[in-house]
1. Can you spot a residue in the range 104-111 that is under 24 Å from LEU37 (Cβ atoms), in contact with a Leu (Cβ under 8 Å, 6 or more places away or on another chain) and surrounded by 21 or more Cβ atoms within 10 Å (Cβ to Cβ)?
2. Condition first: of a type in the set (S, T, N, Q), farther than 20 Å from ASP59 by Cα and surrounded by 17 or more Cβ atoms within 10 Å (Cβ to Cβ). Now tell me which residues in the range 205-241 satisfy that.
3. Tally time: how many residues in the range 138-168 are within 19 Å of VAL120 (Cβ to Cβ) and either of a type in the set (Gly, Ala, Ser) or free of Cβ contacts under 8 Å to residues at least 24 places away in the same chain (or both)?
4. Check the range 184-204 and report whether any residue there is surrounded by fewer than 15 Cβ atoms within 10 Å (Cβ to Cβ) and either part of a helix (DSSP H, G or I) or under 18 Å from the mean Cα position of the chain (by Cα) (or both).
5. So which pairs qualify, if the first residue must be in the range 75-99 and under 24 Å from ARG160 (Cα atoms), the second must be part of a helix (DSSP H, G or I) and charged (D, E, K, R), the Cβ gap must be under 6 Å, and the two must be at least 6 apart or on different chains?
6. Out of the helices (runs of 4 or more DSSP H) lying entirely within the range 33-133, which hold 3 or more residues that are within 19 Å of VAL145 (Cα to Cα) and in contact with a helix residue (DSSP H, G or I) (Cβ under 9 Å, 6 or more places away or on another chain)?
7. Could you list, in sequence order, the residues of the range 154-176 that are assigned to a helix (DSSP H, G or I) and either buried (at least 24 other Cβ atoms within 10 Å of the Cβ) or touching an Asp or Glu at 6+ places or on another chain (Cβ under 8 Å) (or both)?
8. Filter the range 153-179 down to the residues that are farther than 28 Å from ILE197 by Cβ and of a type in the set (Gly, Ala, Ser) and list them by number.
Amino acid sequence: MADGAGAAGMKEPARGEGGGPGAGGTSIDRVIWLVLLAAAAATAAVYPRLPEQMIIHWDAAGRPDDWAHKSFAAWMPIGTAAALALLMRFLPALDPRGENYRRFSGAFDLIRLATVLFMVGVHVLVILAGLGVPVAMDRIMPVAVGLLLVLLGNVMGQVRHNYFVGIRTPWTLADEEVWRRTHRMGGRLFVLGGLAIAAGGLAGGPWLVAAILTSLTVAGLGPVVYSYWIWRQGKASRQDG
C-alpha cells in the first residue's frame, strides 16, 4: 500500500532525467503548467462576471465566513499553486541531498502533480462559488483532502533521504534506515487517515470532526513517535554489539 508497490511503481528515469538537479523539464512539468495556464485562462474569461466580494473561506459546517475582493479571491489560489509548482520544481537543486531525488523521481512527479491539482481544484471551487454555483465545501473538501492523503501515502514508501520531502524528524534525518522504515509506516497511516477523513466528509456532522481529529493525531504524531522508537532500538543494538 505505502511501500511503493501500487500507484508508485513507476520506472525510475535514467540519470539526467526526472527531477534531479539541473535536469530539464519533464512531461509532468508540461502537464502542470498546461493545467495552470488553462485555469488562469478560464478565470480571466469569467472574471467580469464575478461579484466584487467573493467567498474565500467556509466554516466546518460549510457556511461562508470570510470574503475578499475578487482581484484577490479570483487569483490567490491559482497564484499559490503556480508558486508551489515552481518551488517544487527546483527543490532538488536546493537540497544538499538533491541527487537522491533521482531515486524517487516517479513518486516525486506524482506528488508535485497531485499537489498542484488539489490547489487548482480549490481554485475552481472558489470561482464556482463566486459565480453563484452551490458548493458543498463541508463535503467536497474533506473528500478531496482524504484522497490526496491516500495518494501521498501510497508513494511515501518510495521517498528517499532528503531535507524537503517526506517525514523529517531528527531521527529520520540522522539515519537512512530509520527514514526508510518510518516512511513505510507513515505511508500506511496516511492512507488510513485519508480514507477516514474522506468517509467522515461523506457522513458529515460529528463523524467528520472525529475523523479529522483522530487522523491528524495518528498520521501526524504516529510517524514521529515511531521514528524515535526505531532509532532508539538501533542505538541500543549498536551499543550491545
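The values are calculated or read from the model by the stated rules, or taken from the named source; none is laboratory data. Everything quoted here is computed from the prediction, not taken from an experiment. Neighbour counts run over all protein chains shown; Cβ positions are idealised from the backbone, glycine included.
1. yes
2. Within the range 205-241, the first condition is being of a type in the set (S, T, N, Q), and the residues that meet it are 214-215, 217, 227, 233, 237, 239.
Within this subset, residues satisfying the condition of being farther than 20 Å from ASP59 by Cα are 217, 227, 233, 237, 239.
Of everything in the range 205-241, just one residue is of a type in the set (S, T, N, Q), farther than 20 Å from ASP59 by Cα and surrounded by 17 or more Cβ atoms within 10 Å (Cβ to Cβ), namely SER227.
3. Number of matching residues: 2.
4. Looking only at the range 184-204, we keep the residues that are surrounded by fewer than 15 Cβ atoms within 10 Å (Cβ to Cβ), and these are 202-203.
This time we only want the ones that are either part of a helix (DSSP H, G or I) or under 18 Å from the mean Cα position of the chain (by Cα) (or both), so: 202-203.
The answer is yes; a qualifying residue exists.
5. Hits for this filter: MET88/ARG112.
6. Values: elements: 70-73, 76-94, 105-130.
It comes to 76-94, 105-130.
7. ASN154, VAL155, MET156, THR172
8. Result: ALA174, single match.
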